[in-house]
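Enquirer: Quick one: this structure, given as structure tokens, is what I'll be asking you about.
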Amino acid sequence: MERKVVLVTGASRGIGAATAIHFAKRNYDVVIHYYTGKGEALKIQEQIERESNVNTMIIAADISIEAEVKEMIDQVISTMKRIDVVINNAGIAIDTLFQDKTVENFKRTLDVNLIGTFLVSKYASEYMYEHGGNIINLSSTNGIDMGFPMCLDYDASKAGIISLTKNLAIQFAPNIRVNAVAPGWVETENEMKELDEEYIEMEKDKILLHRFGTPEDIAKTIYFLASDDASYINGTVIRIDGGQ
């Protein structure tokens, strides 16, 4: 039986890397997208090829640029011959005090997080609509609840992803299921290096499970949404926050 192909954007580290590895262990061929982290992407590719008997591909693109997204999807189809699942994970956060925020940084956050998710979904759907498939978008609990003014641009982008998810589910029905996950605190290298121990412990006390999530926690839910076990779930956002 021919293996399915998953494209994971922002797969060189964190949730994206964990998701790529998780799908590979379940016999998916994996496309590892990155923007600047080629060395990290190569390490994930090497790990997958060492641990799983699947095909892999790494590809670079700025997902905020339409021509680069189109070229990326064309290359994936040309090389892998199919695309069954898209995980829109790539994103940025430019956290600054409100008074230091700039229009340029706000636009960049929206361009990558929201417009990038739209563009990858748009061009992947041109193949997937005929063949069927799944799109899973990465939102955040910050897109649902009030976060902090220092990340209001990030929060706005993640709220936009929820709206985009619901609209794309309507647009692509019944051929492509579109869902989103909204993680809370997750122990990624990027997130942890910005926080001191006292703040981490204070935030953990607000979570019913008294711990931050792991990238693997998020990857498992993403995989579930892409699987046949979730075949009647569409246009939905699943919080993954330990009871935050």
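Enquirer: Considering only the range 18-50, how many residues are free of Cβ contacts under 8 Å to residues at least 40 places away in the same chain and not in a helix (DSSP H, G or I)?
Expert: Qualifying residue count for the region: 6.
Enquirer: Among the residues of the range 116-139 satisfying the criterion of being aliphatic (A, V, I, L, M) and either modelled with pLDDT under 95 or within 17 Å of the chain's Cα centre (by Cα) (or both), which is nearest to E66 (Cα to Cα)?
Expert: Here the answer is L119.
Enquirer: Of all residues being of a type outside the set (D, E, K, R) and within 22 Å of I65 (Cα to Cα) in the range 1-14, which is surrounded by the fewest Cβ atoms within 10 Å (Cβ to Cβ)? Just the residue, please.
Expert: My answer is S12.
Enquirer: Any residue that is in a helix (DSSP H, G or I), free of Cβ contacts under 8 Å to residues at least 40 places away in the same chain and surrounded by fewer than 19 Cβ atoms within 10 Å (Cβ to Cβ) - is there at least one of those in the range 91-98? Don't jump to the end; show me each part of the working.
Expert: Of the residues in the range 91-98, the ones in a helix (DSSP H, G or I) are 98.
Within this subset, residues satisfying the condition of being free of Cβ contacts under 8 Å to residues at least 40 places away in the same chain are none.
No, every residue in the range 91-98 fails to be in a helix (DSSP H, G or I), free of Cβ contacts under 8 Å to residues at least 40 places away in the same chain and surrounded by fewer than 19 Cβ atoms within 10 Å (Cβ to Cβ).
Enquirer: Taking the options I200, I207, name whichever one is under 25 Å from I92 (Cβ atoms), assigned to a loop (DSSP other than H, G, I, E, B) and either of a type in the set (A, V, I, L, M) or at pLDDT 95 or above (or both).
Expert: I207
Enquirer: Return the residues of the range 12-55 that are in contact with a helix residue (DSSP H, G or I) (Cβ under 7 Å, 6 or more places away or on another chain) and among the aromatic types (F, W, Y); say none if nothing qualifies.
Expert: The answer is F23, Y34.
Enquirer: A follow-up question, please. Could you list, in sequence order, the residues of the range 15-28 that are buried (at least 23 other Cβ atoms within 10 Å of the Cβ) and not aromatic (F, W, Y)?
Expert: I15, G16, A17, A18, T19, A20, A24
Enquirer: Filter the range 140-169 down to residues that are more than 17 Å from the chain's Cα centre (by Cα), assigned to a helix (DSSP H, G or I) and either under 13 Å from S121 (Cα atoms) or aromatic (F, W, Y) (or both), then give me how many there are.
Expert: Residues flagged as more than 17 Å from the chain's Cα centre (by Cα), assigned to a helix (DSSP H, G or I) and either under 13 Å from S121 (Cα atoms) or aromatic (F, W, Y) (or both) within the range 140-169 amount to 1.
Enquirer: Continuing with the same structure: Does I222 satisfy the criteria of being in contact with a Pro (Cβ under 7 Å, 6 or more places away or on another chain), part of a helix (DSSP H, G or I) and surrounded by 14 or more Cβ atoms within 10 Å (Cβ to Cβ)?
Expert: no
The values are calculated or read from the model by the stated rules, or taken from the named source; none is laboratory data. The model shown is predicted, which means the values in this text are computed figures rather than measured ones. Don't worry about glycine lacking a Cβ; one is built from the backbone with ideal geometry, like all the others, and counts go over all protein chains shown.
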